[in-house]
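Following: one structure in structure tokens, then a few remarks.
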Amino acid sequence: MPEPSAQPLIEADVIGRLMGQPLLARFPMEGSVSGHHRSPHRGSSVEFAEYRNYVPGDDIRRLDWRVFARTDRYYLKEFEAETNLRCYVVLDCSGSMGFTGEHGSRLDYAKRIAATLSYLIINQGDAAGLLHVTDKSEPEIPPRRNASHLQVILDALGKAQSNGGTHLVPMLHELAEKARRRALVVILSDCFCNGEGLRDALQHLRYQKHDLALFHLLDPLELDFEFDRPVRFVDMEGSQSIVTEPATVRAEYQAQLKHFLEKLRHDCHEFNADYRRVTTDQTYDQVLADFLADRARQATRS
């Protein structure tokens, strides 16, 4: 049995602070019930979209008589249809996600973000689901809207453990093919995988018109590389290890890391994916508060 996290997956005070800001999609979504996310289809709501010419059979109640008085032509008002959101939370459970620094385990940090997001999504009437990225066959939890579904997600998160190599790229390609309707895909990962492969997977998801948010999780030790004595570095996804003097490799390590981070950010921006670099010394509730606020601003502008 996995050891329980020192910090609960969902904290009441965090939920209380975040409840006032809904999670909004940046792009039109497709759903089966009414909601508060933009849809690619036209419908009836309070949000005006455009005018179009009247054709026989249209509902005359939508005619704009003021425009008719000015132009002597019949025009109908079109409004943005609003729909519900489906969100897939993709949790990387590879061995490197188990890295534990001064501020705790990267996987535990990701679990708390996943759990809190799932709560907020289901609470606002939308559907949340969970995908484990692991070398074991873990069942997919499809997005659902009912409150009891949240407990299914929390139980799965509580049991999730880091182990083995990363399978993030094939999992994202599989999701792009399986998720036929537009959805929000939230990826929680350290992104220690093939860079070009990840770029192709993000492109595949955006080609299918999914809205993407990538939380790139790093420990401050990985960025600062503040080691002052010889250290054995162990591959957490394999069996290799190496002993080295950090001072002799620090400059090259930081140069390669900078290139890696800039390339990943560029790839995300190229495909209009929401890239968010997060370090585990940040409070996860503030990370989520910034995420929700940025989404609200982007949804308002689009």
Contact list, first residue from the range 122-135 and closer than 16 Å to residue 15 by Cβ, second anywhere and aliphatic (A, V, I, L, M) and in a strand (DSSP E or B), beta-carbon distance below 9 Å, six or more apart or interchain, is 122/128; 126/184; 128/89; 128/141
If you take the residues in the range 81-110 that are crowded, with 24+ Cβ neighbours inside 10 Å and charged (D, E, K, R), which one is nearest to residue 210 (Cα to Cα)?
86
Just for the range 227-266: of the residues that are over 23 Å from residue 106 (Cα atoms) and β-branched (Val, Ile, Thr), which one is surrounded by the most Cβ atoms within 10 Å (Cβ to Cβ)?
249
Restricting attention to the range 97-122, report how many residues are under 21 Å from residue 181 (Cα atoms) and not aliphatic (A, V, I, L, M).
1
Any residue that is out of contact with any Gly (no Cβ under 9 Å at 6 or more places or on another chain), among the basic types (Lys, Arg), within 24 Å of residue 113 (Cβ to Cβ) and part of a strand (DSSP E or B) - is there at least one of those in the range 276-286?
yes
Does residue 112 qualify as being closer than 21 Å to residue 267 by Cα and in contact (Cβ under 8 Å) with a residue 24 or more places away in the chain?
no
Residue match in the range 54-66 (condition: closer than 26 Å to residue 158 by Cβ, modelled with pLDDT of 50 or more, in a loop (DSSP other than H, G, I, E, B) and touching a Phe, Trp or Tyr at 6+ places or on another chain (Cβ under 8 Å))
no
Have a look at 258, 209 and point out the one that is within 30 Å of residue 181 (Cα to Cα) and either in the same structural domain as residue 162 (by TED's automatic domain parsing) or at pLDDT 95 or above (or both).
209
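The values are calculated or read from the model by the stated rules, or taken from the named source; none is laboratory data. These figures come from a predicted structure and were not determined experimentally. Cβ atoms come from the backbone with ideal geometry, glycine included; neighbour counts cover every protein chain shown.
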